[in-house]
1. May I ask you to list pairs of residues, at least six apart or on different chains, whose Cβ atoms are under 8 Å apart, with the first in the stretch 182-203 being on the phi > 0 side of the Ramachandran plot and the second being assigned to a loop (DSSP other than H, G, I, E, B)?
2. Can you work out which of the residues in the stretch 151-164 that are in a helix (DSSP H, G or I) and exposed (fewer than 14 other Cβ atoms within 10 Å of the Cβ) is nearest to the chain's Cα centre (by Cα)?
3. List the pairs whose first member sits in the stretch 271-292 and is within 15 Å of GLU309 (Cβ to Cβ), whose second member is among the hydroxyl-bearing types (Ser, Thr, Tyr) and modelled with pLDDT of 90 or more, and whose Cβ atoms are under 8 Å apart, counting only residues at least 6 apart or on separate chains?
4. Could you list, in sequence order, the residues of the stretch 91-115 that are free of Cβ contacts under 8 Å to residues at least 60 places away in the same chain, of a type in the set (D, E, K, R) and closer than 13 Å to VAL79 by Cα?
5. For LEU168, only one of the following conditions fails: (1) part of a helix (DSSP H, G or I); (2) over 24 Å from ALA62 (Cβ atoms). What is its number?
6. Quick one: would you say VAL323 is in a loop (DSSP other than H, G, I, E, B) and of a type in the set (A, V, I, L, M)?
7. For THR82, work out the one condition from (1) over 29 Å from PHE242 (Cα atoms); (2) crowded, with 21+ Cβ neighbours inside 10 Å; (3) polar (S, T, N, Q) it doesn't fulfil.
8. Considering (1) farther than 29 Å from LEU118 by Cα; (2) in a loop (DSSP other than H, G, I, E, B); (3) of a type in the set (Ser, Thr, Tyr), say which one SER217 fails and leave the rest.
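The values are calculated or read from the model by the stated rules, or taken from the named source; none is laboratory data. This one's a predicted model, so the numbers in the text were calculated from it and none came from an experiment. Positions of Cβ are backbone-derived with ideal geometry, glycine not excepted, and every protein chain shown enters the neighbour counts.
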Amino acid sequence: MSSSISSSDGARDQDWRRFARRFFGGGAGLGIILYLLIFIIDPFDTLPFSPPLDRVPIDSNARYSFPALARKAEYDSAVIGTSTGRLLRPGRLDPMFSARFANLSMNSATAYEQSRILEVFTRHHPAAKTVIWGIDIVWCEAKDTLDKFTPRPFPEWMYDTNSYNDLLYHFNLYTIELAGRQAGVMLGLRRQKYGNDGYTNFLPDPAVYDLKKVQASLAVSRAKGLTEAKVQQGFDPATLNFLALPLMQSALRALPAQTRKVLFIAPYHYAWQSVPGSKSQMEWAECKKRIGAMAARIPNAVVADFMIESPFTTADTNYWDPVHYSVAAADKLMTGLGRAATRQPDENFRLLDK
């Protein structure tokens, strides 16, 4: 009887071992197949030796999509910034600057994130023609600590010089999902959402534009501005600490001397701009002054301040909200940038680097 039981136990053990081999072997095989598919599709377009397929920006978080775009040789110029620069259309800028632009602006990008994407672009474009850089509040906050990241994930491994370490970060459910999206676009089964050159109109449908709603928002902004803290008597603006500005200086100095560098202070609606005499207005004035002085020491750099009272910033119809202008207004802004690049006077900006 004991011999019969031992024989039965041995058979069960063999069955379990066979099952385990098939289960784990099948799992390993499936994993290898999935990884090979991810490697071939390469959804972020960063893996070494992946096939040269026609990939597109696929991730809604541009921090993942734009490192590959910043490396592409087909572009010789770039737009850097936050959402206040996303509507600058390469198709309009290219003939104006005799260049081929990629718009690398990212929603809510911190100063660090902007400097990192420009670093990637500079590394791969030693003869870059033009860089247009939109400057907004993230550069002119006077405080003791610098926020490097937003709550959005930032893949440092995509921004370094070692493409081989990217292989370590591709086998996960998120990448598998994006590989599926990329494959869908490649096969024509999925609509491409983001432009090949980085440009995407992120605004709502113009049909839902409501000027009264915009004006109500502007009125709230102006009322809030009137309650801003006032400058304390005797305060020295020179003591303000703008921790982000050294990042800008380093990034500009890393660009080739012959690269045209056009910096613009974003055209916030006048209702959103700081009221005279406020602490915020004093901080902005000092920050602009330092950016102008910095640019004066950088070859081929110009700074155009659009954050002033002007026909552009006082026209309510130019805006969807106090910060974001319309597509039509973006065309006006790009015309202004062309004038600023050649230092032509314009009522919508003032040059800071003189």
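1. Qualifying pairs under 8 Å: GLY198/PRO57; GLY198/LEU104; GLY198/SER105.
2. Pass one, the stretch 151-164, residues in a helix (DSSP H, G or I): 156-158, 163-164.
From the residues that got through so far, the ones that are exposed (fewer than 14 other Cβ atoms within 10 Å of the Cβ) too are 156, 164.
Values: GLU156: 14, TYR164: 24 Å.
The qualifying residue nearest to the chain's Cα centre (by Cα) is GLU156.
3. Close Cβ pairs (under 8 Å, with a partner that is among the hydroxyl-bearing types (Ser, Thr, Tyr) and modelled with pLDDT of 90 or more) amount to ALA271/SER221; TRP272/SER221; GLN273/THR313; SER274/SER280; GLN281/SER274; TRP284/SER274.
4. ASP94, ARG100
5. All conditions pass for LEU168, except number (2).
6. Numbers: in a loop (DSSP other than H, G, I, E, B): yes; of a type in the set (A, V, I, L, M): yes.
Answer is yes for this residue.
7. (1)
8. The number of the failed condition is (2).
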